[in-house]
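The values are calculated or read from the model by the stated rules, or taken from the named source; none is laboratory data. All values reported here derive from a predicted model rather than from experimental measurement. Cβ coordinates were reconstructed from backbone atoms using ideal geometry, including for glycine residues, and neighbour counts include every protein chain displayed. What goes into the accessible areas is simple: the full protein's heavy atoms, side chains included, and nothing from ligands, DNA or RNA. Shrake-Rupley method; radii C 1.70, N 1.55, O 1.52, S 1.80 Å.
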Amino acid sequence: MPAKKKAKKKSSKKPLVSVIIAAFNAEDKIGTAIRAIVNQSYKPLELFVVDDGSTDNTRAVVSSHAKEYKNVHLLKQNRKGPGAAKNLAFSKSKGKIIVFSDSDEYPRKKYISLLIDPIIKGKAQTSAGAWYVAFPKSPWARCRFQDSHEIRIHGVNSKVFRAIKASDFKKTGGFDPSKGYSDDRLGQNLKKAQVLEAIFDHDVE
């Protein structure tokens, strides 16, 4: 009788996730943002923080964390804006999935694991979660955001995203630096998942 072929085992190895943060004059918040990433339940991951020409101590804070955590990396550029900063970090990243965060965003422990789940399962090409305003009593927050203490869905009807497969992001050509802080919207018809359980706290003052 012919020998039976051994069934191929599916790899249980989880893909590397590259987290990218563009930071400008964020010395008071970037440390908290970094620790929120390195303490994520999801592993493996690497974090790139791009100092976008800060004039405060942002670079020093990131550098000290990079010495403490081996998976944290500091990149530097002259002031070019967040789009250019994120493109720079992407060029250095090795992850199969890219997650973008901000210097004033503090992802909760299971944020990345939940956020990337639809992408890993092939149900979506990009995904976004939801967020809370961290200081709802702030007059500024209340002026800008109605019901600022309640959960907010992140860009349900827009092309805002927080996670994307590296291969798909490469195909888009990256962010357009001229769009300023609207750089997190790609002009692509990529299938998006909305993961309401993936929550980060937004530190607005």
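Listing for the model above:
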| quantity | calculated |
| --- | --- |
| Gain on full stretching of the segment that runs from residue 56 to residue 39 - 0.36 nm per residue minus C-alpha separation | 3.6 nm |
| By accessible area with a 1.4 Å probe, ligands and nucleic acids excluded, highest first: order of 96, 43, 171, 192 | 171, 96, 43, 192 |
| Surface accessible to a 1.4 Å probe, residue 175 within the full protein complex, Å² | 10 Å² |
| Unsatisfied cross-links (Cα-Cα over 28 Å) in the set 70/170; 110/179; 109/179 | 110/179; 109/179 |
| Length released on extending from residue 25 to residue 96, taking residue separation times 0.36 nm less the Cα-Cα span | 22.6 nm |
| Largest to smallest accessible area among 68, 27 [probe 1.4 Å] | 68, 27 |
| Distance (nanometres) between label positions extended 7 Å along Cα→Cβ at residue 120 and residue 167 | 1.8 nm |
| Pair-distance profile P(r), taking every C-alpha pair of the range 2-135, with 10 angstrom steps and integer % | 12, 41, 30, 10, 4, 2, 1, 0 |
| Length added when fully stretched, residue 77-residue 14, from 0.36 nm per residue minus Cα-Cα | 19.5 nm |
| Carbon and sulfur %, accessible surface of the range 1-128 computed with the full protein complex present, 1.4 Å | 51 percent |
